[in-house]
1. Using just the helices of the chain, give the 222 nm mean residue ellipticity in deg cm²/dmol: DSSP H runs with n ≥ 4 each add -39,500 (n - 2.57), and the total is spread over all residues, rounded to 500.
2. For labels at ASP17 and LEU92 in the simple 7 Å Cα→Cβ model, what's the distance in nm?
3. Quote the charge dipole size of the stretch 1-51 about the Cα centre in Debye, to the nearest 20; the model charges only the Cβ of Lys and Arg (+1) and of Asp and Glu (-1).
4. Going by how many other Cβ atoms sit within 10 Å of their own, how do ASP17, ASP7, ASP99 line up, fewest first?
5. Between ARG116 and LYS58, what is the FRET efficiency for a Förster distance of 22 Å, r being their Cβ-Cβ separation, to the nearest 0.05?
6. What list do you get for SER78, SER111 if you sort them by fewest beta carbons within 10 Å?
7. Among ASN73, ALA34, ALA96, pick out the residue whose Cα is farthest towards the positive end of the charge dipole of the chain, where Lys and Arg carry +1 and Asp and Glu carry -1 on C-beta, about the Cα centre.
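What follows is calculated from the coordinates using simple rules that are stated; it is not laboratory data. Since the structure is predicted, the reported quantities are computational estimates derived from the model, not experimental observations. Every residue, glycine as well, gets a Cβ built from its backbone with ideal geometry; the counts of neighbours run over all protein chains shown.
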Amino acid sequence: MSKAESDLRHARNALEDRDYEWSQLASQQAAEKALKAVCIAKGIGLIRTHDLTILARKLKAPKGIIEKSALLNPFYTSSRYPDEMNVMDEELNRTAAHDAISAAEEVVSWSRKQLRT
């Protein structure tokens, strides 16, 4: 979970630095690491996927967390495979980074609560 928290800090810092694509990827990574931490803690084990909806569903997460996970999924692929990236102008990239951080914050917060139960 500490790595998820670190990635979330990086996402916020990248947003401030106007490095929007990095902010989006760091947000996705924060959520992925948080969900995987819960999978491990709950005895499900490490699921080797980058698909956050698979992880959230495996954890029987609420619908809102599954939706936030789905919102974050494309940021992993677009960072790894630039030919699949939709070219967005700076304002759209900034908005997407804000949305990604917000979604990641919710997923990480939910995951933190799961580790306490």
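1. Details: 5 runs with 89 residues, N = 117.
Rounded to the nearest 500, it is -25500 deg cm²/dmol.
2. Label at ASP17, label at LEU92, 2.5 nm between them.
3. Values: 8 positive and 8 negative charges, 65 e Å.
Approximately 320 debye in magnitude.
4. Numbers: ASP17 10, ASP7 22, ASP99 16.
Starting with the residue having the fewest Cβ neighbours, the order is ASP17, ASP99, ASP7.
5. Numbers: r = 19 Å, r/R0 = 0.87.
Efficiency at R0 = 22 Å is approximately 0.70.
6. Details: SER78 19, SER111 26.
Ranked by crowding around the Cβ, least crowded first: SER78, SER111.
7. The one lying farthest along the dipole's positive direction is ALA34.
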